[in-house]
1. Please give the number of the condition A:L99 fails out of (1) assigned by TED's automatic domain parsing to the domain that holds A:N239; (2) at pLDDT below 75.
2. Could you say which residue among A:V274, A:V244 is among the β-branched types (V, I, T), modelled with pLDDT of 85 or more, farther than 18 Å from B:L148 by Cβ and assigned to a loop (DSSP other than H, G, I, E, B)?
3. For A:L189, only one of the following conditions fails: (1) over 20 Å from the mean Cα position of the chain (by Cα); (2) at pLDDT 90 or above; (3) over 24 Å from A:Q34 (Cα atoms). What is its number?
4. Would you confirm, using the coordinates I've provided, whether B:A195 is of a type in the set (A, V, I, L, M, F, W, C), surrounded by 12 or more Cβ atoms within 10 Å (Cβ to Cβ), in contact (Cβ under 8 Å) with a residue 60 or more places away in the chain and farther than 30 Å from B:Y274 by Cβ?
5. Quick check, is B:V114 farther than 18 Å from B:P33 by Cβ, surrounded by fewer than 18 Cβ atoms within 10 Å (Cβ to Cβ), within 20 Å of the chain's Cα centre (by Cα) and not charged (D, E, K, R)?
6. I'd like the full set of residues that are small (G, A, S) and at negative phi, limited to segment B:404-421.
7. Testing A:V137 on (1) touching a residue at least 12 places away in the same chain (Cβ under 8 Å); (2) away from chain B (no Cβ under 14 Å), one condition comes back false. Which one is that?
8. Restricting attention to segment A:295-305, and to residues there that are of a type in the set (A, V, I, L, M) and surrounded by 21 or more Cβ atoms within 10 Å (Cβ to Cβ), which single residue is nearest to the other protein chains (Cβ to nearest Cβ)?
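The values are calculated or read from the model by the stated rules, or taken from the named source; none is laboratory data. Predicted model, so just to flag it, every value in this text is computed and none were measured. Reconstructed Cβ throughout: ideal geometry from the backbone, glycine too, with neighbour counts over all protein chains shown.
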Amino acid sequence: MSAPLQDPSVSEGALPDTSGSIEGRETAGMSQGQIVLRKFLRHQGAMISLVLLIIVIVFSFTAVGMGPIPGWWKYNFYNSSDVMNGGAPTWHLSNPFSLGEHPFGQDDIGRDNFARVLKGVQVSILMMLIMGATLLVVGVVVGALAGYYRGWVDNALMRVTDGFIMLPTIVVGAILGVLAGHLANPPLLAFVLGLILWPTLARLVRGDFLSLREREFVDSARVAGASDFRIMFKHMLPNAMGVVIVNTTLMMSQAIVLETALSFLGFGVHAPDVSLGQLINEYQGSFATRPWLFWWPGLFIIIVALAVNFIGDGLRDAFDPRQRKIPSARKMARADRLLASSANLAGPFTPGGTGDGSTRGERRRSIDDERKDGQ
Amino acid sequence: MIKFLAKRIASSVLVLIVVTFLLYVLTDLAIDPLQELRTSTSPNKEADMAARTQQLHLDVPSPLRYLWWLGGVGGCFIGRCNLGSSWKTHQTVLDMLPGAVGTSLKLVFAATIVAILIGVVVGLISALRQYTTFDYVITFVTFLMYSLPVFWVAVLLKQYGSISFNNYLQHPRPNWPLIIVISIAAGLFWMGAMAGSLRRRLINLAAATVITFAALTYVFTSGWLQHPGLGLVGSLVIALGAAVLVTHLSTGLNNRRSLYAALTTAVVMGGAVYYGMQWFYHFYNPTVWLIALLTILAIAVGVGIGLAFGGPDKWQSARTAGIVALIAGVVIFIDQAMQYWAKYSKMSQISGRPIRTIGAGEPGLEGNFWIHTVDNYTHLILPSIALILISFATYTRYTRGSMLEVMNQDYIRTARAKGLSERTVIMRHAMRNALLPLAAVVPVDLMTIIGGAVMTETVFGWSGMGKMFADGLHQADIDPIMAYILIVGILSILANVVADFVYGILDPRIRVTA
């Protein structure tokens, strides 16, 4: 389960016995963190998603402003102005650099859809981050306590976890959403929703802690007189970080889908506040007349959730010591041809042996850890 | 094993009681049955509020009311069930439940079966073609499915799957760009799924594109959609194709006896039985039970033919022929339903717009079994697609992950090394073990989908359990909410126990110690 520190060829890459292998040479003298970071930076899907997500975040936060700070866009999400040209969008793919007066159009009472959608993106992403932070803290603490102390603490905490997992999150989320709806405060609602998303993470952290607590470094820390708290969060937690980071990221993509779903059902964010789900709920009837009101919020949900999913996937690959970059079939074939031509120069040699057989074994070595990471 | 399961059920029931207690108190805090009265301007507002407080016992603290409710639930064990009643509609919850549960199950089962089938097949192929473009595209598509908001997709489905399609049926004008795009997409899919040399892949691309294009052109230009049907020829061709495919996958085409058994079954079922059933259904209006009986009979015919061919592996032939017979039987059923399509479309309630967007069935529809079957399907199709899109992604990821893990095992190398064909290695050695974890996933997933159907049922106006819950929460009606939570909780316990049990039986490596 504990992905890092399992494979000696990676964690002890500087040792002479592995320096002959390619990965040993590549990672010589690097810390575990550096290796993970480098693998993550080389994951194309994750990097594209990360850049896209940052662009969306920066765009949405600067355009409509945040709290008292005004944004650069001339309209805000609640004031209405005259409906121009039936509220049709002024931004077209044929001329992508001219935003026009209302790039995403206007709704039936003349509110600017661009400002509303970006405000919705802002609220939804903010809620996603708050949910992520909440589930991270609760999940890690519960999992760590259960895994470290075992016994009745473990038993009690795991029964609580069972209780939270018993019902689908959308059901409990709806009830809590109505409860928090009286407060009309999206960040607070996000905090409450985060309180139901932690069980998966807690279970994974517990599993890691159960195995980590048997390791020598924990004993040595205890002998040195470290407190339980220090052992748990200073010594053991860094070793379980891979699981924590990956699972939190993947849960955040579920969090944004949960938030939008609840807001759509009317159990989450209510008007006058906006969120992406709330916008779709408000405009679902106008699909026939003003489809742009419906398209944009949905597209942004997909972009954000997809980007977060890919980042999580990239992180999982980066933390997995068995995963290494596999050249494409075309590159393999080119390498085979190169090898064959150089072999032909050197003497009689059939490339068939190095061709299919070894590459197949090589390719199949890396395993998808989908199931284990609780996706 | 029994002891372990009993222990688990006992602890789960205790957890369920605590969960329902907490949710009862929370729900009571969240909802406000007096809301509409608070803002009313009627002169006897105070009296109304007092009356409703009296009626719903709002003056009693909610933990105490929970005990009353729990007493009613406990009564179920001694035959005096009382789950309360909805104060809005004055219906008891027990009266509401059977319809709601039935509707939800109908929706979820149809969608789940299709999702499992497609998900497993795509996941398997994706795993076998690891690190190819096909694999990357499938990975991207599954992530996309994870990220799709189902309510958003539902509105799109209503617009394009129903309104536009129905418009097309009334004014048939084929959408050529769409047909061409679909054809090329199908071609690319088959090119990616069938690996091989560049030449073979290009042939696959061309063949799949042309075949798809020809089929779609025929469907959209010949008026087939208004009067669909397969006919004797279509049924025979599908049955024969199924025979070859099933034999190829299950025993290999080299097993001649098996192949001939499958082909004979295809001819018998797709030809003779198809013809006979036309007369049979002409005179008899079947029921669901008769259809079930006929299905079993069809499988028996196939197994019988397979056994009749004999040989050392006669049960393998029997299995192959049985599957072929089942497929041919389903084709006969679908063909029969298709024959009533035109009649269904022309009915006054439908008036030429057969794909429906709202509800689980057309109220007050008169007609025989087939009309109702078609009616069922026209209502099922859109919400099912919405549900399939979501759970398909999960099954694909699971199957892919577990298949990759299995293909790395040593016994697969052994199987290859001793010279077994790739088909045998994949279908017999790898796939069976790769599908093991699904046995543990499906029950739990099924429960999640039933819970998650809140969304789908709300958007498509199905009055299932999820809608009962959502309406209860909107209308401050606590008893339907609690009934929903109770049922989903019980289902969840059952699902987990079934998953443990099935997995424990199927996987000999699992040893439980109670």
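1. (1)
2. On the way: A:V244 fails: assigned to a loop (DSSP other than H, G, I, E, B).
Testing whether each residue is among the β-branched types (V, I, T), modelled with pLDDT of 85 or more, farther than 18 Å from B:L148 by Cβ and assigned to a loop (DSSP other than H, G, I, E, B) leaves just A:V274.
3. So the condition that A:L189 fails would be (2).
4. Values: of a type in the set (A, V, I, L, M, F, W, C): yes; surrounded by 12 or more Cβ atoms within 10 Å (Cβ to Cβ): yes; in contact (Cβ under 8 Å) with a residue 60 or more places away in the chain: yes; farther than 30 Å from B:Y274 by Cβ: yes.
For B:A195, the condition - of a type in the set (A, V, I, L, M, F, W, C), surrounded by 12 or more Cβ atoms within 10 Å (Cβ to Cβ), in contact (Cβ under 8 Å) with a residue 60 or more places away in the chain and farther than 30 Å from B:Y274 by Cβ - is met.
5. Yes; evaluated as a whole, the condition is true for this residue.
6. Hits for segment B:404-421 are B:A415, B:A417, B:S421.
7. (1)
8. Among them, the one singled out is A:A305.
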